[in-house]
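The block underneath contains the structure these notes are about, expressed in structure tokens.
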Amino acid sequence: MGKDDGSAMTFTAKILLLGSGELGREFVISAKRLGAYVIACDSYPGAPAMQMADEAEVFPMLDADRLRAVIERHAPDFVVPEIEAIRTEVLEEVEAAGQIVVPSARAAAMTMNRDRIRDLAADELGLRTSRYRYAEMLEQAQDGAAFAGFPCVMKPVMSSSGKGQSVVRGPGDVAAAWDYAVANMRGDRVRVIVEQFIDFDYEITLLTVRTREGVLFCPPIGHVQEAGDYRESWQPAPMKREHLAEAQAMATRVVDDLGGYGIFGVEFFVCADGVIFSELSPRPHDTGMVTSIGQPLSEFDLHARAVLGLPIPKIGMNAPAAASAVILADRHSADFSFEGIGDALALGRTDVRIFGKPTTRPGRRMGVALATDEDVDSARALARAAAANVVIRYR
């Protein structure tokens with residue numbers, strides 16, 4: 001780590017970011033504040049993180065040869081995946097040769113597909129999960145739904161932001177849910193998970209930071225999803241002390257097993273009788289956007305510090321409560337603008353993040369409104385009001 005190839009430029013670390021969406025954009029900002037040099041990669045030019053990075057590479061990360069060549073050409077200090085659809089065997093190969101993959105190549109491989117992380121949690125670590133089966137054809141999905149019981153949830157083992165997920169109310173819904181999951185899966189493997197529908201009281205994201213000094217936790221984050229995709233989040237999510245302790249113990253077991261350093265978004269269902277492990281992402285989480293206003297160090301700052309091996313102070317909050325609400329597009333367009341940001345900020349105790357995505361499509365997250373207040377309900381209402389003030393104008 002140090003000097004760039006043959007130039008006078010110096011930096012604290014060279015980071016190759018694999019995936020350049022809105023979460024990667026915020027991570028690049030945090031990493032560059034700490035003096036890092038960042039090469040942002042994605043399958044299309046002008047992706048959000050590329051606009052903040054020092055260099056950009058455009059290629060599909062499921063192309064093993066291209067991925068290997070980019071890593072070899074840039075020789076980064078850290079390879080940081082921001083998406084799941086990556087040829088993870090290349091990450092395992094370069095890690096075995098001495099490259100640092102964040103948090104580890106095994107973590108990227110385990111979480112690229114929901115089946116591997118679910119099997120780790122349920123079978124190897126013995127954590128409480130929903131009842132589930134996998135399917136690679138419609139007939140297996142029908143059998144899996146019968147095993148899980150109705151209603152149940154069907155989703156691809158590899159996807160992002162809830163795409164391809166649906167609730168199956170009865171046997172007659174299985175075929176449509178199968179088609180929807182297959183049409184929205186990432187990668188090149190046709191496989192879905194069919195799992196028991198949990199009648200939970202609420203769900204949380206527990207941002208878990210694995211550092212060289214131990215495991216740290218952000219205050220729990222509550223969230224609302226529609227069609228499997230995040231719409232609102234708030235912090236702290238009110239929960240019983242014993243349930244929080246149970247979730248922290250489960251999260252610690254999983255991240256310690258996966259290894260490496262960085263932030264993990266660990267999701268749980270919370271029921272009256274305890275906590276159920278749901279999913280895990282070895283990177284910043286979309287619901288964690290709320291930490292950009294709710295914490296002195298956001299999830300992106302924490303990830304950057306953990307990756308670079310820098311000290312992390314006690315994690316706290318800037319206000320009694322914080323919330324986020326997404327700003328969505330409603331049509332396809334490459335010619336648009338944003339209005340009303342000033343009105344959103346004039347509400348007070350609010351902020352706005354515009355992601356810089358070059359095109360819109362129905363339901364695509366284009367930004368997020370953030371707010372703090374004296375309690376969760378007030379913060380949520382303020383974030384929703386701020387988001388409603390931001391209007392996308394299509395030309």
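Residue by residue through the stretch 283-306, note down the ones that are surrounded by fewer than 18 Cβ atoms within 10 Å (Cβ to Cβ) and either part of a helix (DSSP H, G or I) or in the same structural domain as Glu84 (by TED's automatic domain parsing) (or both).
None; the set is empty.
When the residues of the stretch 30-41 are narrowed to those that are in contact (Cβ under 8 Å) with a residue 40 or more places away in the chain and crowded, with 18+ Cβ neighbours inside 10 Å, which ends up nearest to Gly288 (Cα to Cα)?
Across the stretch 30-41, the extreme among qualifying residues is Ser30.
I'd like to verify a number: residues in the stretch 269-301 that are closer than 27 Å to Gly348 by Cβ and of a type in the set (A, V, I, L, M), how many?
4
Here is a list: Pro60, Pro103. Which entry is surrounded by fewer than 21 Cβ atoms within 10 Å (Cβ to Cβ) and within 20 Å of the chain's Cα centre (by Cα)?
On the way: Pro103 fails: surrounded by fewer than 21 Cβ atoms within 10 Å (Cβ to Cβ).
On inspection, the qualifying residue turns out to be Pro60.
Are there any strands (runs of 3 or more DSSP E) wholly within the stretch 8-60 with 2 or more residues that are β-branched (Val, Ile, Thr), and if so which?
Passing ranges, in order: 36-42.
Given the condition closer than 18 Å to Pro103 by Cβ and either in contact (Cβ under 8 Å) with a residue 60 or more places away in the chain or charged (D, E, K, R) (or both), answer yes or no: does some residue in the stretch 224-247 qualify? Talk me through it step by step, then tell me what you get.
First pass over the stretch 224-247, keeping only residues closer than 18 Å to Pro103 by Cβ: none.
No, there is no match, as no residue in the stretch 224-247 is closer than 18 Å to Pro103 by Cβ and either in contact (Cβ under 8 Å) with a residue 60 or more places away in the chain or charged (D, E, K, R) (or both).
Of these, Arg68, Arg25, which one is among the basic types (Lys, Arg) and either more than 28 Å from Ile312 (Cα to Cα) or surrounded by fewer than 22 Cβ atoms within 10 Å (Cβ to Cβ) (or both)?
Arg68
Going through the stretch 313-327 one residue at a time, which ones are of a type outside the set (Gly, Ala, Ser) and over 21 Å from the mean Cα position of the chain (by Cα)?
Pro313, Lys314, Asn318, Pro320
So which residues in the stretch 220-236 are buried (at least 20 other Cβ atoms within 10 Å of the Cβ) and not β-branched (Val, Ile, Thr), if there are any at all?
Passing the criteria: Pro220, Gly222, His223, Tyr230, Glu232, Ser233, Trp234, Gln235.
Answer yes or no as to whether Gly46 is surrounded by fewer than 20 Cβ atoms within 10 Å (Cβ to Cβ) and touching a Pro at 6+ places or on another chain (Cβ under 8 Å).
Criteria met by Gly46.
Starting from residues that are buried (at least 18 other Cβ atoms within 10 Å of the Cβ) and modelled with pLDDT of 95 or more, keep the ones in the stretch 83-93 and report whichever is nearest to Ala64 (Cα to Cα).
Going through the qualifying residues, I end up with Val90.
The values are calculated or read from the model by the stated rules, or taken from the named source; none is laboratory data. Since the model is a prediction, treat every value here as computed from it, not as a measurement. When we count neighbours, we look across all protein chains shown, and the Cβ atoms used for this are built from the backbone with ideal geometry, even at glycine.
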